[in-house]
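Engineer: Have a look at the structure that comes next, please.
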Amino acid sequence: MADVLLSKVRKNYNPATLKDTLRNINLDIKDGDFIVFVGPSGCGKSTLLRMIAGLEDITSGDLTIGGKRMNDVPPSERNIGMVFQSYALYPHMTVFENMAFGLKLKHMDKETIRQRVVHAADILGLEPFLERKPKALSGGQRQRVAIGRCIVQQPSVFLFDEPLSNLDAALRVKMRLEIAKLHRDINATIIYVTHDQVEAMTLADKICVLSPLKASAESNLEQFGTPLELYNHPVNQFVAGFIGSPKMNFLNGEITEIGDKECKVKLTSGEIITAKVNASRGEVGQKVQLGVRPEHLVAADSPKADGGKISGKVIVTENLGAEFFLYMEAPACDEGVDFTVKHEFAIDIKAGETYSVGIPASACHLFDAEGLAFPRTEVYTRG
Ligand code: ADP
């Protein structure tokens, strides 16, 4: 097992265009950590993973694994195991042979190979299938064989590139739990790419959020932190909008009052909302976006609605039994963007009617015109 260190890593596929894909990526990944790279499609997640694996050159910057600089070390000598979205199993070989193949290539002795394969099969629950060919396995079982093929190599770092995206929804949840269990059992350093932020939130010790690189930006690493740091203290509006499902709501307004522990924001729709945010670096009259997560909204008459309330016309309601969703037109939202409410209780209301919803002051996030967050002074707990 090993630490992985990225320092000022940059990737440019085509220097002639001068356009970088990744810039100034600094990550300190500790031995045994489960790290997830998330971000919208095309932001460079796979590129970053492939650079760690040695399948892509690093344009500039340093990559260190276990204390050794790896930039110029070939993939086969990096002691890394990679699991891809496509399982790429050999169809004519049994599960045992598929898992043993890489070790045979290394001329390992038969008994060591057998022990490693049996051990991996035990961890992954594959013993009953060792003599089967891939075509006689389900998608989830095939993916487990692909993971097993990696485990037998005893790599110091596991790299997973969207390993569950070929599986159906139910199997994804099952495999997600299995991967979490695998990490607990073998305590390996794992770097995992996904665009599914529920996978990111549930699996990761730390999440690295990437965005498509803007020409003038210093870096496209938006934030690197624990799932709850990202959920409770997103550093900017990009991370706030990316982490959390359903997405955070954003309301346009301007600061009207700045205190030590809270500030007041007048929404473009006229309501005044109190936010438990330190806006001392801002100024009265400054344009801001107020963020509030759908699951933190409360009934308008609740004592928790100490931040204020907003009203809007209901567009659609969804009652899922355990959760109730309401989508409404809030005039302070950007044009064409609905305001989403998630309650644990159902409301008897129809499309076209007006609904008022309460906002706890400690549930508010605040972002300046550049999208940078003001620090929160309190974090709302639903309890
Ligand atoms: P993600 O995994 O986040 O979807 P990728 O790492 O696959 O993103 O791609 C990031 C960007 O780099 C994309 O704009 C993609 O078109 C570009 N890219 C990826 N591979 C290559 C390549 N071999 N040559 C040129 N551009 C590439």
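The values are calculated or read from the model by the stated rules, or taken from the named source; none is laboratory data. Small disclaimer: the values here were computed from a predicted structure and weren't measured. Here the Cβ positions follow ideal geometry from the backbone for every residue, glycine too, while neighbour counts run over all protein chains shown. Just the protein is used for accessible areas: all its heavy atoms, side chains included, with ligands, DNA and RNA removed. Shrake-Rupley method; radii C 1.70, N 1.55, O 1.52, S 1.80 Å.
Engineer: Using a Gaussian network model of the chain whose springs link C-alpha atoms within less than 10 Å, name the residue from SER211, SER219, SER311 with the highest mean-square fluctuation.
Structural biologist: SER311
Engineer: Which whole-number percent is the relative contact order of the chain (Cα, under 8 Å, 6+ apart)? Show your work: numbers first, answer last.
Structural biologist: Details: 847 pairs, mean separation 56.9, N = 383.
Dividing the mean separation by the residue count of the chain yields 15 percent.
Engineer: Please give me, ordered by residue number, the trypsin sites (Lys or Arg not before Pro) of the stretch 153-226 that lie in loop per DSSP and have at most 13 other Cβ atoms within 10 Å.
Structural biologist: LYS214
Engineer: Using modelled amide H (1.01 Å from N, peptide plane; none on Pro or chain starts), what sits under 5 Å from the amide H of VAL193, excluding residues fewer than 5 places away?
Structural biologist: PHE37, PHE160, ASP161, GLU162
Engineer: In a shell of Cβ-Cβ distance under 9 Å around LYS45, excluding LYS45 itself, what net charge do Lys and Arg (+1) and Asp and Glu (-1) give?
Structural biologist: So the environment of LYS45 carries a net charge of -2.
Engineer: First check a/c for the stretch 4-238, with a ≥ b ≥ c the square roots of the eigenvalues of its C-alpha gyration tensor; if it is under 1.5, answer rounded, and if not, answer prolate when a/b is larger than b/c or oblate otherwise.
Structural biologist: Prolate.
Engineer: Can I ask one more? Just to confirm the number: angle between the C-alpha axis of helix 95-105 and the first principal axis of the chain, 0 to 90 degrees, nearest 10?
Structural biologist: Orientation of helix 95-105: about 70 degrees from the principal axis.
Engineer: Follow-up question, since we're still on this one. Rolling a 1.4 angstrom probe over the protein heavy atoms, how many square angstrom per residue are accessible across the chain?
Structural biologist: 46
Engineer: A follow-up question, please. Identify the trypsin sites (Lys or Arg not before Pro) of the stretch 239-313 meeting these criteria: DSSP loop state and at most 16 other C-beta atoms within 10 Å of the C-beta.
Structural biologist: Passing sites in the stretch 239-313 are LYS247, LYS261, ARG281.
Engineer: Of the options LEU22, VAL4, SER46, report the single residue whose Cα projects farthest towards the positive end of the charge dipole of the stretch 1-57 (beta-carbon charges: Lys, Arg +1; Asp, Glu -1).
Structural biologist: It is LEU22, whose Cα lies furthest towards the positive end.
Engineer: How much length would be gained if the chain were fully extended between ASN26 and ILE315, taking 0.36 nm per residue of separation minus their Cα-Cα distance, in nm to one decimal?
Structural biologist: Details: separation 289, 0.36 × 289 = 104.04 nm, distance 4.36 nm.
Result: 99.7 nm gained on full extension.
Engineer: State the Cα centre-to-centre distance between the stretch 123-142 and the stretch 282-325 in whole Å.
Structural biologist: That distance is 48 Å.
Engineer: Now for a separate question. Mind checking which aspartates and glutamates have their Cα closer than 19 Å to the Cα of LYS19? Skip sequence neighbours fewer than 8 apart in that chain.
Structural biologist: GLU56, ASP57, GLU218, GLU222
Engineer: Here is a further query. Mind checking which of ASP33, ASP57, ASP168 has the largest fluctuation in a GNM of the chain, springs on alpha carbons under 10 Å?
Structural biologist: ASP168
Engineer: Just to confirm the number: angle between the C-alpha axis of helix 139-151 and the first principal axis of the chain, 0 to 90 degrees, nearest 10?
Structural biologist: Around 60 degrees separate the two axes.
Engineer: Could you tell me the calculated FRET efficiency between ILE347 and SER165, based on Cβ-Cβ distance and R0 = 41 angstrom, to the nearest 0.05?
Structural biologist: Values: r = 36 Å, r/R0 = 0.87.
The value I calculate is 0.70.
Engineer: What angle do you read, to the nearest 10 degrees and between 0 and 90, between the alpha-carbon axis of helix 169-186 and the longest principal axis of the chain?
Structural biologist: 70
Engineer: Compute, for the chain, the length of the dipole vector about the Cα centre, with Cβ point charges of +1 (Lys, Arg) and -1 (Asp, Glu) only. Units Debye, rounded to 20.
Structural biologist: The dipole magnitude comes to about 1180 debye.
Engineer: Given 0.36 nm per residue, what is the gain on full extension from ASN232 to GLU323 after removing their alpha carbon distance, in nm?
Structural biologist: Gain on stretching ASN232 to GLU323: 30.6 nm.
Engineer: Roughly speaking, to the nearest percent, how much of the chain's 1.4 Å accessible area is carbon and sulfur? Intermediate values should be presented prior to the final figure.
Structural biologist: Working: 9090 of 17800 Å².
Carbon with sulfur: 51 percent of the solvent-accessible area.
Engineer: Another one. Would you tally the net charge around MET328, using a Cβ to Cβ cut-off of less than 10 Å, leaving MET328 out, and scoring K and R as +1, D and E as -1?
Structural biologist: Cβ neighbours under 10 Å give a net charge of -2.
Engineer: Here's something else I'd like to know. What shape does the stretch 335-383 have by the C-alpha gyration tensor, where a ≥ b ≥ c are the square roots of the eigenvalues, rounded means a/c under 1.5, and otherwise prolate means a/b greater than b/c and oblate the rest? Please list the in-between numbers first.
Structural biologist: Details: a/c = 3.49, a/b = 1.49, b/c = 2.34.
Because a/c hits 1.5 or more and a/b fails to exceed b/c, the stretch 335-383 counts as oblate.
Engineer: For the charge dipole of the stretch 246-367, defined by +1 on Lys and Arg C-beta atoms and -1 on Asp and Glu C-beta atoms about the Cα centroid, which residue among VAL314, HIS365, LEU326 has the Cα displaced farthest towards the positive pole?
Structural biologist: HIS365
Engineer: In the full protein assembly as shown, how much of LYS133 is accessible to a 1.4 Å probe, in Å² to the nearest 10?
Structural biologist: 80
Engineer: Students often get this wrong, so check it: of LYS181/LYS261; LYS11/LYS68; LYS30/LYS174; LYS181/LYS247, which have C-alpha atoms separated by over 30 Å?
Structural biologist: Violating the 30 Å Cα-Cα cut-off are LYS181/LYS261.
Engineer: I would also like to ask the following. Can you check what the net charge comes to around ALA204, using other residues whose Cβ is under 14 Å from the Cβ of ALA204 (Lys, Arg +1; Asp, Glu -1)?
Structural biologist: 0
Engineer: Figure the gain on full extension for GLN154 and MET93 (residue separation times 0.36 nm, minus the Cα-Cα span) and round it to one decimal in nm.
Structural biologist: Full extension of this stretch gives 19.8 nm more.
Engineer: May I pose another question? If ASP72, ASP3 are ordered by their accessible area, calculated over protein heavy atoms with a 1.4 Å probe, which sequence runs from highest to lowest? Don't jump to the answer; show the numbers that get you there.
Structural biologist: On the way: ASP72 130, ASP3 70 Å².
These residues rank, largest area first, as ASP72, ASP3.
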